Amino acid sequence: MGTPLIRSKALLLAGVLYTQESRYDEALRDLEAHLGGAVMETPPLPWDYSAYYRNEMGAPLYRKFVFFRELIEQDALAPIKLFTNRIEQKFTSEGRRSVNLDPGYLTPAKLVLASTKDFSHRIYLKDGIFAEVTLMYERGKFIPHKNTYRDYIDERFQRYFYLARNLLQILSSADTEQAQKK
């Protein structure tokens, strides 16, 4: 019989899709007010992987990833997704979002995303929220699967996932040292 273990904390991240930098800045302020300060963010890159969001959000679309300083418990993902949905709602007018937020977390072994949509590769968490392993980390590389979104495979973003993974190790060590001092 296996024994449940306390899992290590994870590095919280959010993929942010937007058309106006000012909306991104406002959404980031809301995220940081609730989730803590950002420790790293990617530069904006054009998001042209599909037409899925164009009718709703307009064009051109940009994507940034934000990584947060405070490590989270892995089971905090569902409430965080519900919170980011409220931010999206704040930036919605006449049924059109101006910001799309995709929260997730990074562990040494994987990058996990939250979603409100069920699909064959997603598992139910709670409160209408699902999770998927978007990227697996094996033998020094991030490995996608057939349902991984294309921007998560893009080398321009993956560079930052590697940096974030290193950052996680540093923050985890600092977190452990701080806990031992208490």
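Nothing in this text is a laboratory measurement; each read-out follows from the coordinates by a stated rule. Predicted model, so just to flag it, every value in this text is computed and none were measured. Because the Cβ atoms are built from the backbone with ideal geometry, glycine has one as well, and the counts that use them run over all protein chains shown.
Brief remarks on what is shown
- Per-pair calculated FRET efficiency, R0 = 35 Å: Arg86 and Ser8 via Cβ, rounded to 0.05: 0.80
- Aspartates and glutamates whose Cα lies under 15 Å from that of Lys81, excluding same-chain neighbours fewer than 8 positions away: Asp30, Glu32, Glu73, Asp102, Asp118, Asp127, Glu132
- Three-way shape call for the stretch 10-176 based on the alpha-carbon gyration tensor, with the a/c threshold at 1.5: rounded
- Nearest-ten-degree value, helix 155-181 long axis tilted from longest Cα axis of the chain: 40
- Amide N of the stretch 81-115 lying under 19 Å from the label point, which is placed 7 angstrom from the Cα of Ile143 along Cα→Cβ: 106-113
- The stretch between Gln169 and Glu56, if pulled fully straight at 0.36 nm per residue, gains 36.9 nm over its current Cα-Cα span.
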